[in-house]
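Undergrad: One structure follows; several queries about it will come next.
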There are 6 protein chains.
Amino acid sequence: MNKKPEQATALDLPMVSPLPDDTQAYFDLCQDKLGMVPNVLQAYAFDIDKLNAFTAMYNDIMLAGSGLSKLEREMIAVVVSSINRCWYCQVAHGAAVRALSGDPALGEAMVMNFRAANLDTRQLAMLEFAEHLTKASAETTESDRQALRDAGFSDRDIFDIASVTGFFNMTNRVASAIDMRPNPDYHAQAR
Amino acid sequence: MNKKPEQATALDLPMVSPLPDDTQAYFDLCQDKLGMVPNVLQAYAFDIDKLNAFTAMYNDIMLAGSGLSKLEREMIAVVVSSINRCWYCQVAHGAAVRALSGDPALGEAMVMNFRAANLDTRQLAMLEFAEHLTKASAETTESDRQALRDAGFSDRDIFDIASVTGFFNMTNRVASAIDMRPNPDYHAQAR
Amino acid sequence: MNKKPEQATALDLPMVSPLPDDTQAYFDLCQDKLGMVPNVLQAYAFDIDKLNAFTAMYNDIMLAGSGLSKLEREMIAVVVSSINRCWYCQVAHGAAVRALSGDPALGEAMVMNFRAANLDTRQLAMLEFAEHLTKASAETTESDRQALRDAGFSDRDIFDIASVTGFFNMTNRVASAIDMRPNPDYHAQAR
Amino acid sequence: MNKKPEQATALDLPMVSPLPDDTQAYFDLCQDKLGMVPNVLQAYAFDIDKLNAFTAMYNDIMLAGSGLSKLEREMIAVVVSSINRCWYCQVAHGAAVRALSGDPALGEAMVMNFRAANLDTRQLAMLEFAEHLTKASAETTESDRQALRDAGFSDRDIFDIASVTGFFNMTNRVASAIDMRPNPDYHAQAR
Amino acid sequence: MNKKPEQATALDLPMVSPLPDDTQAYFDLCQDKLGMVPNVLQAYAFDIDKLNAFTAMYNDIMLAGSGLSKLEREMIAVVVSSINRCWYCQVAHGAAVRALSGDPALGEAMVMNFRAANLDTRQLAMLEFAEHLTKASAETTESDRQALRDAGFSDRDIFDIASVTGFFNMTNRVASAIDMRPNPDYHAQAR
Amino acid sequence: MNKKPEQATALDLPMVSPLPDDTQAYFDLCQDKLGMVPNVLQAYAFDIDKLNAFTAMYNDIMLAGSGLSKLEREMIAVVVSSINRCWYCQVAHGAAVRALSGDPALGEAMVMNFRAANLDTRQLAMLEFAEHLTKASAETTESDRQALRDAGFSDRDIFDIASVTGFFNMTNRVASAIDMRPNPDYHAQAR
């Protein structure tokens, strides 16, 4: 069903060829471990500086140490992407929620309506903040931050929730702007 | 009028102390050239990896070679920040538009209503795309990209418009989430 | 992950017991053919007149003869339910789109963003009309109907598109109002 | 002022002719008791199965036994139709509110702004729930249902409020989609 | 049904007593010609300067010479008041549309959905501009003004459409802010 | 940057010529005291009755005695104009806030996001009411008025807040409708 699935995006921006050794090694590693090179990486590979800036920030936000688990960060990613209705990010990160949680229904709920999931107080507060920040960031006040502290989050955790929420508000718009297409492999994963 | 202007944000996340030599040198350079260290840098300096990831992406998107001029990228930054009503980004990047253009009224128009500015077809198309992507990215279609091509933009330029738009949709939310406060120096600049 | 999956809804409205013979036979048929009794039927079974009125209208709208295929009616169902973010209807009818089309990605696209699907002109016009009717029905004008006729739909087809769109705007609200929970069996179907 | 008042809708879907005896008898009864055959019935009469499914559900929801009075159900009908700005339903059911209540101003307030009416706590809670469900059903939570219970409604009443609200969210969209025109007789009734 | 109909608003701001002779004469004239003193006049009569400023602007905008007929100005008044759901203005000016047009259904359509009325091109363009200005004035561009010129309006007429639209966007908010209550006499007028 | 700055608006409505003596004297006074004749006055001067009605209401609302200071009324003016993104009013009244307060950052915050300003409880309540009235006046209830009373406002003050808010909801729409252009002198004032 994907539009021209052989292309990562709607733009005519071919990857640097040949790729620098570092990049090629990174893409080979993806192929080995994930069975694919995620199209987002291919989309940025027309300019290696942009690719590197993107992956450095991605890895820091989603994978570095944090009071938020990797699953929690993926849950935020999907909720934000669902509000923005980003096809690429809902598909790719929805699969990540299913895989990390072992709960396919949880992945679907993050896409469809996070309020349908059976979340504890902490995770509900986290996702409500991400929703608020995505829809009406200008109305954020100290009481919103305090609600997170009351739910058990530290100031550092608040920064991390804000970072993940912000990051996907960026990538959702880049992906939708250029019609980024998810690798077909995601759809059947961890169902 | 700023809330506790001595603090960069509402979070209790002090800067690493002492700063690594590289970071200290970068902050010294800012102080020399700008007369201040922008608070956004101080806000990220509780974690040097995050600071570096942020500045690397910022520098690539706003300062690297592009078919968009630095002024055009700042215009997008302010229009996006105005839609999201981000206090920090409107103040800091509004000043940049005034300084780079030498036209204080242009900076105000980007903040208040870009349609009031006397823009050429190309810049109007660019800002309308940034607005659309900020407000309703999910409804982007090939005709939106074609409108940019018809206004003279290349596919690479489209990527860059999307990147700047996305980036400020990220930073607006991070800044609002943590109540980032602009350095007072910006207000009177280039009036 | 479902909240109290043993209950069909959040309301304390037990099924009539014993069920009338007709109803029991219908539920047995569901169990045989689908492997479950859809929770929506259990939700209405506290009052057999309401159950019968609902199933009569459902069967007429979704299964009776029409210029729209059953798959097309299910596509409308999911697009409407996605706009309204109805958990029950997205899960149940998303599964139906996957099953009827044999294209799991199509089912996901109806949930996530129908514009990402590779639709022909006719089906795109159909879903755009359903979206418009769901979001802003008061602004429907003759030109909207004419757009459907231009895409090949008859006046009878227009009635049917309106009926399916209307029906799910009803059920989405009933399901969300009472927290109707989808049978867990749907999640893994036709992936 | 009505567009082509001689036609019930904008679609070219003539009534079955002759009507089946049952249907003809029902229409004759309407003519006798109401002085007209409501156009909604004429609009569905191109297909008797659809007409019957519609009238069966309508009669169950609006006329069968319920903890909600018939007037209260009509009040919900008008408030929902006002939010959706459905011309047909506001005219026809606005007349019903005026007639059932003997209070013409109440009928106008349901159309114009239900908060202007002098409602008791119970009816205000009922209409606020109907409004919420119409505008943002996905955000319904247990606290919304509890607010209804606190105002004196049973779980069965909650189902009925949801059903009426859902039903008019359906018919509003069908009526707007096909430009259904109210019988002119309604305007002057019960003023 | 009106809340405390004996009071013009929810504020405790009694009329100047005794009224100045001019004001008393004006109120007596209203009583003679309309059978009532409209509550909006009573609401402003706690301060005669405010009352005079209001009536001077009202009379200029609604009654002075214009390329728009008095009926057309009342039609704009009701459409704007309907978008803003102002109880007072819909009741009072809805009555005016019915009286001036001799077409009760036209008055109802202005309240319920102006697109349901059978308007000519000129009046439709006028009301669409008023709607646009009420909902999204910041997006007005030269093409919107040109659409009015193409429909036969002069630049002076455009000013007048803007003035009436603006005026009711003011009074709607004042009336809703202070809960201004319409005189009960309006409801049954010109039905 | 202003479009044709030599013209006050996009309409072809020249000032009465010669101006009546009173008007000329008023314009001369403006030129003396402000160094310019504000374009809004020039815009209305095609019809002296309209100009007089406008200035009478303006002077009463913004300059007459009130429990609100002139600065507070200007703060409301800018917040309303910012929500409506009116170029003329944000420029002209933003300058007034800067001048009256002696705090340039306060003027910017009223334009960009009033929640960023360090306001006391009273002024925050005042601006939140103005925002609410601008965005959703139909949902105003007694509890909104009570919140103002609790913040120290009298019923007369509530009327004045409503009047200023209403007035700029009018002028914003007139200014945007006719593309009213601010005098260039405002931009650099009181920075």
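Undergrad: With a 10 Å cut-off between alpha carbons and a GNM built on chain E, which of E:Asp47, E:Asp157, E:Asp120 moves the most?
TA: It is E:Asp120.
Undergrad: Can I ask one more? Could you please report the charge total around A:Leu34, scoring K, R as +1 and D, E as -1 over all other residues with beta-carbon less than 14 angstrom from its beta-carbon?
TA: With Lys, Arg at +1 and Asp, Glu at -1, the neighbours total -2.
Undergrad: If the reach is capped at under 17 angstrom between alpha carbons, list the aspartates and glutamates near E:Lys33, excluding any in the same chain fewer than eight residues apart.
TA: Excluding near neighbours in sequence, the set is E:Asp22, E:Asp185.
Undergrad: Using a 10 Å cut-off on Cβ to Cβ distances, tally the other chain neighbours for every residue of F:151-158 and report the average as a whole number.
TA: 3
Undergrad: Of the residues F:Gly35, F:Gly67, F:Gly94, which exhibits the maximal mean-square fluctuation in a Gaussian network model of chain F defined by a 10 Å Cα contact cut-off?
TA: Of the options given, F:Gly35 has the highest mean-square fluctuation.
Undergrad: Sticking with this one: So if we plug the beta-carbon distance of E:Asp22 and B:Leu63 into 1/(1 + (r/R0)^6) with R0 = 56 Å, what FRET efficiency do we get, rounded to 0.05?
TA: E between E:Asp22 and B:Leu63, to the nearest 0.05, is 0.25.
Undergrad: Now a separate question. Could you give the spread of the C-alpha atoms of the protein assembly as shown along their three principal axes, from largest to smallest, in whole angstroms?
TA: Cα extents, longest axis first: 92, 89, 52 Å.
Undergrad: Treating the angle as unsigned and between 0 and 90°, give the value, to the nearest 10°, between the Cα long axis of helix A:21-34 and the longest Cα principal axis of chain A.
TA: That helix lies at roughly 60 degrees to the long axis.
Undergrad: Shortest first and in nm with one decimal, please list how far the E:Asp21 label point sits from its counterparts in the other copies (point 7 Å along Cα→Cβ).
TA: Distances to the matching label points in the other copies: 2.8, 8.4, 9.4, 9.4, 10.4 nm.
Undergrad: Something else about it: Using modelled amide H (1.01 Å from N, peptide plane; none on Pro or chain starts), what sits under 5 Å from the amide H of A:Asp47, excluding residues fewer than 5 places away?
TA: Under 5 Å from the amide H of A:Asp47 lie the amide H atoms of A:Val16, each far enough along the sequence or on another chain.
Undergrad: Where the convex hull is taken over the Cα atoms of chain C, what is its projected area averaged over directions, in nm²?
TA: Seen from a random direction, the Cα hull of chain C projects 11.1 nm² on average.
Undergrad: Using only the alpha-carbon atoms of region B:1-104 as identical scatterers, what base-10 log of I(q)/I(0) does the Debye formula give at q = 0.11, 0.13, 0.21 Å⁻¹?
TA: -0.39, -0.55, -1.35
Undergrad: Then there's this: For a distance above 18 Å, tell me the whole-number percent of Cα pairs in region A:78-191 that qualify.
TA: 52 percent
Undergrad: Round to the nearest 10 and report in Å² the accessible area of A:Lys135, as given by a 1.4 Å probe over the protein chains' heavy atoms.
TA: 120 Å²
Undergrad: Measure off, as a whole percent, the carbon and sulfur share of the 1.4 Å-probe accessible area of the protein assembly as shown, all protein chains present.
TA: Exposed carbon and sulfur together represent 51 percent of the surface.
Undergrad: For region A:1-69 and region E:93-162, what is the separation of their Cα centres, given in Å?
TA: Computed from Cα coordinates, the inter-centre distance equals 53 Å.
Undergrad: Right, another one. Set the Förster distance to 41 Å, then compute FRET efficiency between C:Cys30 and D:Gln31 from the Cβ-Cβ distance, nearest 0.05.
TA: With a Förster radius of 41 Å, E is 0.50.
Undergrad: Partner chain Cβ atoms within 10 Å, averaged over the residues of C:50-63 - can you pull that number for me?
TA: Taking the mean over all residues of the peptide, I get 4.
Undergrad: On to the next question. Please work out the average accessible area per residue across chain C, using the 1.4 Å probe convention, and give it in Å².
TA: For chain C, the solvent-accessible area averages 35 Å² per residue.
The values are calculated or read from the model by the stated rules, or taken from the named source; none is laboratory data. Note that the structure is a prediction, hence the values are computed from the model and not measured. Note that we place each Cβ from the backbone using ideal geometry, even for glycine, and neighbour counts take in every protein chain shown. Protein only, heavy atoms only, side chains kept; ligands, DNA and RNA dropped before computing areas. Shrake-Rupley method; radii C 1.70, N 1.55, O 1.52, S 1.80 Å.
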